[in-house]
Amino acid sequence: MKAIVQDQYGEADVLHLEDIDAPTAGTGEVLLKVEAASLFAGDWHYMAGMPLAFRPASGLTKPKIRVRGRDVAGRIEAVGPDVATFQVGDAVYGICDGAFAEYVAAGVNKLAPKPTNLSFEEAATVPITGTTALQAVRDHGQVQAGQSVLVIGAAGGVGSFAVQIAAAFGGIVTGVCNTAQMDVVRSIGAEHVIDYTREDFAELGVRYDVILDTAGNRNLSILRQALAPKGRLVIVGGEGGKGKLLSGFARGTLRAPLLSMFSGQTMKGFVAKENAADLVALKDLIEARKVKPLIDRTFSLVDVPQAMRYLREGSGRKGKIVISL
Ligand SMILES: NC(=O)c1ccc[n+]([C@@H]2O[C@H](COP(=O)([O-])OP(=O)(O)OC[C@H]3O[C@@H](n4cnc5c(N)ncnc54)[C@H](OP(=O)(O)O)[C@@H]3O)[C@@H](O)[C@H]2O)c1
């Protein structure tokens, strides 16, 4: 089968298309014929081996897993031992290792039936960033009906799902994005939109019950100015950190929880827990037409290196990057 592989860490030039043996479904796994995959910021981290703190898990000197890609949607081609929930021919979506390939073996603990009202391309955009947004809104932000919610990076992968999920939970959402993204952020359910190229949300004198930060380029003291005295700040991510060891990771995992100990405000980062139950919860929200994926651009399998460059360099995207097979 054809797959996008890498044998060393680096930028997109390390990726190449290769003919390799198709995997087989192990215990608790199914073999998927991949119809579509999508990119998220973590794909760059796996490819580059950055920050260095991830390398004990991803491979010290080169990637342990050669085939990139984690978000997938496809059809089940074969079922491994101990799988009772799915059958050959089922359309599914979820999280795996090696989605940028014609076939992938995927654990059923991170798969769910594909939302019936989505194409494979649309479904492939949902798993990781949708799960992250759901856990940010529901578990960490604990958004309640009527609360004010600020989503920073509202047109991005996580942000565009977070706007819609927070609105579905009854939150009154303000999205922060750039000028060209304002209409789309309004269209997915933000009642207010702030253009970060013209206004600074921290200087507008509004304090939010919940802030979800997916851009990660403002320091904690500025975020706290816009947070209600008993508000919750959820640090989802951000590519702005300078250190090679932890990058921006320390802000959410160390500094924010530490500051929370001396404040009525709750501030935390988190790493999303990948699981099938949340994929089912997202399917329900999607089929109830409360959440709809935004696709920015679609590439073919051979063009994954170009898609990865676009992910890393492109600013102004509206939603997700899809790989269609
Ligand atoms: N915690 C977890 O488990 C988890 C899971 C998935 C992802 N993440 C992390 O979450 C972060 C976001 O991921 P993503 O896939 O959503 O990335 P993304 O699609 O690139 O979205 C980031 C968004 O932030 C916006 N942004 C940049 N500067 C801004 C500013 N000053 N004010 C407001 N918005 C600004 C970008 O807008 P422009 O287009 O204008 O640049 C973009 O829309 C990444 O760091 C990723 O690694 C964490």
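The values are calculated or read from the model by the stated rules, or taken from the named source; none is laboratory data. Remember, predicted model here, so these are calculated numbers, not experimental data. Every residue, glycine as well, gets a Cβ built from its backbone with ideal geometry; the counts of neighbours run over all protein chains shown. Areas reflect the complete protein model, heavy atoms only, side chains present, ligands, DNA and RNA absent. Shrake-Rupley method; radii C 1.70, N 1.55, O 1.52, S 1.80 Å.
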Problem - Complete set of residues in the stretch 153-167 that are aliphatic (A, V, I, L, M) and open to solvent by 10 Å² or more (accessible area, probe 1.4 Å) - result: Val158, Ala167
Exercise for the section: Within the stretch 265-277, identify whether any single residue is in contact with a strand residue (DSSP E or B) (Cβ under 9 Å, 6 or more places away or on another chain), of a type outside the set (A, V, I, L, M) and in a helix (DSSP H, G or I), and answer yes or no. Expected result: no
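Condition first: away from the ligand (no atom under 15 Å from the Cβ), within 19 Å of Leu279 (Cβ to Cβ) and not in a loop (DSSP other than H, G, I, E, B). Now tell me which residues in the stretch 112-161 satisfy that.
Of the residues in the stretch 112-161, the ones away from the ligand (no atom under 15 Å from the Cβ) are 112-123, 142-148.
Filter once more, so that each one left must be within 19 Å of Leu279 (Cβ to Cβ): 112-123.
Those that are away from the ligand (no atom under 15 Å from the Cβ), within 19 Å of Leu279 (Cβ to Cβ) and not in a loop (DSSP other than H, G, I, E, B): Ala112, Pro113, Phe120, Glu121, Glu122, Ala123.
Conditions (1) away from the ligand (no atom under 14 Å from the Cβ); (2) more than 28 Å from Arg207 (Cβ to Cβ); (3) in contact with a Leu (Cβ under 8 Å, 6 or more places away or on another chain); (4) at pLDDT below 95, marked per residue:
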| position | (1), (2), (3), (4) |
| --- | --- |
| Leu259 | yes, no, yes, yes |
| Phe270 | no, no, no, yes |
| Glu274 | no, yes, no, no |
| Leu279 | yes, yes, yes, no |
| Ala288 | yes, yes, no, no |
| Ile295 | no, yes, no, no |
| Tyr310 | no, yes, no, no |
Practice task
Filter the stretch 278-323 down to residues that are in a helix (DSSP H, G or I), within 13 Å of the chain's Cα centre (by Cα) and assigned by TED's automatic domain parsing to the domain that holds Leu39, then give me how many there are.
Solution key: 1
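Quick one: which of Val210, Val176, Val185, Val193 is assigned to a strand (DSSP E or B) and in contact with a Cys (Cβ under 8 Å, 6 or more places away or on another chain)?
Values: Val210 fails: in contact with a Cys (Cβ under 8 Å, 6 or more places away or on another chain); Val176 fails: in contact with a Cys (Cβ under 8 Å, 6 or more places away or on another chain); Val185 fails: assigned to a strand (DSSP E or B).
The conditions single out Val193.
Report yes if Arg186 is surrounded by fewer than 19 Cβ atoms within 10 Å (Cβ to Cβ) and either under 18 Å from Ile165 (Cα atoms) or touching a residue at least 40 places away in the same chain (Cβ under 8 Å) (or both), otherwise no. First the steps, then the outcome.
Details: surrounded by fewer than 19 Cβ atoms within 10 Å (Cβ to Cβ): yes; either under 18 Å from Ile165 (Cα atoms) or touching a residue at least 40 places away in the same chain (Cβ under 8 Å) (or both): yes.
Yes: the conditions hold for Arg186.
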Handout entry: Residue list for the stretch 52-99, filter: closer than 15 Å to Ser38 by Cβ and either at pLDDT below 95 or open to solvent by 60 Å² or more (accessible area, probe 1.4 Å) (or both)
Key = Asp97
Completion exercise
Tyr46: passes all of (1) within 25 Å of Val236 (Cα to Cα); (2) more than 16 Å from the ligand (Cβ to nearest atom); (3) open to solvent by 10 Å² or more (accessible area, probe 1.4 Å); (4) of a type outside the set (Asp, Glu) but (2)
